[in-house]
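Structure record follows, encoded as structure tokens.
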Amino acid sequence: MIFGFGRPRSPLLIRPAGTQDVRSVSEIHAASFDRPWGLTEFERLMAEETVLTHVAAGGPRDIPEGFVLARLAADEAEILSIAVNPTRRGEGIAGRLLKSQMDMLALNGIRTLFLEVEDANIPALALYQRHRFMEVSRREAYYRKADGSAATALVMRRTF
């Protein structure tokens with residue numbers, strides 16, 4: 001597929017994240033959310049044994065273009081964050097990341113997966129619905145937006 005200045009996009013592979021990916025993951029998160037987590041937060045999260053992180057990376061420098069983090073607890077897990085570089089959105093990367101993460105979670109004995117998403121995030125809601133997540137509750141005024149307003153979080157669940 002050709003994008004931009006006639007240059008082909010590099011194919012991306014889903015792989016476990018390593019310490020070399022922390023900065024890229026942090027930068028993708030900052031470009032994707034009104035209130036991003038800091039580099040130190042990602043260093044801490046990605047070092048935890050109970051956090052499973054995958055990236056979609058490629059090209060000669062193997063730079064991540066998207067990521068997904070999940071925290072495991074007994075036979076449940078929660079997607080903490082998933083994001084794709086804004087220049088690569090619309091290519092199905094988030095769907096591939098989510099599918100790969102769910103496969104790994106199932107292999108690790110996870111039976112139920114939870115996540116939270118802003119109720120106005122239509123692309124994310126469509127992604128989660130395609131992957132058979134169901135809304136289980138709402139958290140009114142949960143997220144603070146950049147303009148100071150509040151947004152509702154939907155809690156969604158998927159069982160394996």
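The values are calculated or read from the model by the stated rules, or taken from the named source; none is laboratory data. Every value quoted in this text rests on a predicted model; they were computed, and no experiment measured them. We place every Cβ from the backbone using ideal geometry, glycine too, and count neighbours over all the protein chains shown. SASA here: full protein model, heavy atoms, side chains in, ligands and nucleic acids out. Shrake-Rupley method; radii C 1.70, N 1.55, O 1.52, S 1.80 Å.
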Checklist entry - Given H placed on each backbone N at 1.01 Å, which residues far from Ile63 in sequence or on other chains put an amide H within less than 5 Å of it? => result Gly58
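Find the relative contact order for the chain and round it to a whole percent, using C-alpha pairs within less than 8 Å whose residues are 6+ positions apart.
18
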Checklist entry - With labels modelled as points extended 7 Å from the Cα through the Cβ direction, what inter-label distance (nm, one decimal) is found for Glu78 paired with Gln129? => result 2.5
Next on the checklist: Tell me the carbon and sulfur percent of the accessible area for the chain, rounded to whole percent, probe radius 1.4 Å.
Outcome noted: 53
Item to check | Overall Cα dimensions of the chain - principal axes, largest extent first, Å | outcome: 45, 40, 32
Checklist entry - If you stretched the chain out fully between Thr40 and Val136, how much longer would it get, using 0.36 nm times the residue separation minus the C-alpha to C-alpha distance? => result 31.4 nm
Checklist entry - Hey, how many Å between the Cα centroid of region 114-145 and the Cα centroid of region 9-75? => result 20
Checklist entry - Measuring with a 1.4 Å probe in the full set of protein chains, what accessible area per residue, in whole Å², belongs to the chain? => result 57
Checklist entry - Arranged from highest to lowest average of other beta-carbon atoms within 10 Å per residue, in what order do the peptides 65-73, 131-139, 28-36 appear? => result 65-73, 28-36, 131-139
Next on the checklist: Highest mean first, how do 19-25, 76-82 rank when packing is the count of other Cβ atoms within 10 Å averaged over residues?
Outcome noted: 76-82, 19-25
Item to check | Per residue Cα convex hull volume in Å³ - calculated over region 23-83 | outcome: 84
Item to check | Added length on full extension, which subtracts the Cα-Cα distance from 0.36 nm per residue, Glu49 to Ala120 | outcome: 22.3 nm
Checklist entry - Among residues other than Thr50 whose Cβ falls under 15 Å from its Cβ, what is the net charge (Lys/Arg +1, Asp/Glu -1)? => result -3
Checklist outcome for this item: Long-range amide H partners of Leu80, meaning residues 5 or more apart or on another chain whose placed amide H is closer than 5 Å, are Leu69, Ala70, Arg71
Next on the checklist: Spelling out what I want: for every residue of region 61-71, take phi, set θ = phi - 60°, compute 6.51 cos²θ - 1.76 cosθ + 1.60 (Karplus), and round to whole Hz; glycine and proline get x.
Outcome noted: 9, 6, 7, x, 10, x, 8, 9, 10, 9, 9
Item to check | Compactness of region 79-160, expressed as Rg and Dmax over alpha-carbon positions, Å | outcome: 13.5, 41
Checklist outcome for this item: If N is the residue count of region 41-126, its Cα Rg over 2.2 N^0.38 Å rounds to 1.11
Checklist entry - Which whole-Hz ³J(HN,Hα) couplings does region 104-116 yield from phi under the Karplus relation 6.51 cos²θ - 1.76 cosθ + 1.60, θ = phi - 60°, glycine and proline marked x? => result 5, 5, 4, 5, 8, x, 6, 10, 9, 10, 10, 7, 10
